[in-house]
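Here, each number is a calculation from the coordinates, and none is a lab measurement. Nothing here was measured: the structure is a model prediction, and the numbers come from that model. Positions of Cβ are generated from backbone atoms using ideal geometry, with glycine treated the same way; all protein chains shown enter the neighbour counts.
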Amino acid sequence: MSRIRIGIVGFGNIGRGVLSAVNAAPDMDAKGVFTRRDPASLEIGESPVAAYHIGQAERMIDGIDVMLLCGSSADDIEDHGPHFASMFNIVDSYDTHAKIPQYLASVDAVAKNTTAIISTGWDPGLFSILRVISTSVLPDGASYTFWGSGVSQGHSAAIRGIEGVKDAVQYTIPINEAVDAVRSGSMPKLDAQSMHQRVCYVVAEPGADKAKIEKSIKTMPHYFADYHTFVNFIDDYSFISEHSGMPHGGKELRTGKTGGKGQHTHSIEFSLDLDSNPEFTGSVMTAYARAAFRMSREGLFGAKTVFDVPLSYISVMDRATLIKELL
């Protein structure tokens, strides 16, 4: 099989996670990192991959099989997705759940001769797959998703985009009483506020209006407006010393009943405990780059989600090996 030539758009936390995963993949080569910054300023490390300005990407259509989009969902991917999908096979980790249908449509409109797999990662992504499996297997039941405890990259980036914010991190904290209620099998009715808290640590620019920043955070739609959100302003030293890690995780649960009178209760639980959220997300994206490459070669063009990708297409193993070793 031909080695898959990978391009990486954006070189923040996820971009570095993707590069690490690509370098570890036995069937892939990183061919370029594309950035809005001065390419010479990127600290890529010992990897031999070259850095280019993002404007040079379209000159390299013949040299890249799949472009992985590693920018922010809040600021970058909605523009990058349609732009790059018109030229390249792409994979991204777009995670604004409420806007996925319209984003999918915008990418599909231009991906006429390319394969574009959107919203990979773990949620959306792996958790989405588990939701389909669990609701199909236990149709009489209720599903629950808990995120954290950990750092949300997308929410942290959204805060950093607010005027007057120098740096910021946001921790998503599940409410233990809600988790326990779900595990009890009682199928409680829970809303966003009863399931999670969002705790923010913000370094403000000198002279910035902290009250305005706090209001902007707490009223931000799709990110904070529907949650109990706590904003803490700290200094640079505290931020660097106490909030430099990128852990995360979560749980996808479903409780359901079977039998003529629903007399038997069952539960399904899938959980993740991640030491590095961006590295794990990058690993998922890299697996789906393999799928995008294979689907493109079969002429399966257009915008796709994880629901549309045959499971075997993300594996480096061939079908016979998968059946022998994992079935």
### Message
Once you order the gyration tensor axes a ≥ b ≥ c over the Cα atoms, which shape class does the chain get: rounded for a/c under 1.5, otherwise prolate or oblate by comparing a/b with b/c?
### Response
oblate
### Message
Among G7, V33, F88, which residue has its Cα furthest toward the positive end of the charge dipole of the chain, with +1 on Lys/Arg Cβ and -1 on Asp/Glu Cβ?
### Response
F88
#### Entry: Whole-Hz ³J(HN,Hα) from phi, Karplus 6.51 cos²θ - 1.76 cosθ + 1.60, for the range 219-233, glycine and proline x
9, 6, x, 6, 10, 10, 4, 9, 10, 6, 10, 10, 10, 10, 8
### Message
Just want the ordering: K31, K218, from fewest to most Cβ atoms lying within 10 Å of their own Cβ.
### Response
K218, K31
### Message
Explain nothing, just the number: dipole magnitude of the range 126-276 about its Cα centre with +1 on each Lys and Arg Cβ and -1 on each Asp and Glu Cβ, in debye rounded to the nearest 20.
### Response
640
### Charge dipole magnitude, Cβ of K and R +1, D and E -1 - the chain, Cα centre, debye nearest 20
840
### Query
GNM, the chain, Cα, under 10 Å: largest mean-square fluctuation among P174, P39, P82?
P39
### Message
At a 10 angstrom cut-off on C-beta neighbours, averaged per residue, how do the peptides 178-187, 70-79 rank from highest to lowest?
### Response
70-79, 178-187
### Task
For the range 200-289, build the charge dipole from Cβ charges (+1 Lys, Arg; -1 Asp, Glu) around the Cα centre, then report which of G259, T281, P247 sits farthest towards its positive end.
G259
### Message
If I build a Gaussian network model for the chain, linking alpha-carbon pairs within less than 10 angstrom, which residue out of S156, S216, S86 has the largest mean-square fluctuation?
### Response
S216
### Query
What order do you get for 126-135, 196-205, 89-98, 229-238 when each peptide is scored by the mean count of other beta carbon atoms within 10 Å, highest first?
89-98, 196-205, 126-135, 229-238
#### Entry: Dipole of the range 143-248, positive direction: furthest Cα of S184, I234, G148, with charges on the beta-carbon
S184
### Query
By what distance, in whole Å, do the Cα atoms of the range 119-163 stretch along each of the three principal axes, largest value first?
46, 19, 16
### Task
Before anything else, pin down the relative contact order of the chain: Cα pairs under 8 Å, at least 6 apart, normalised by residue count, whole percent.
21
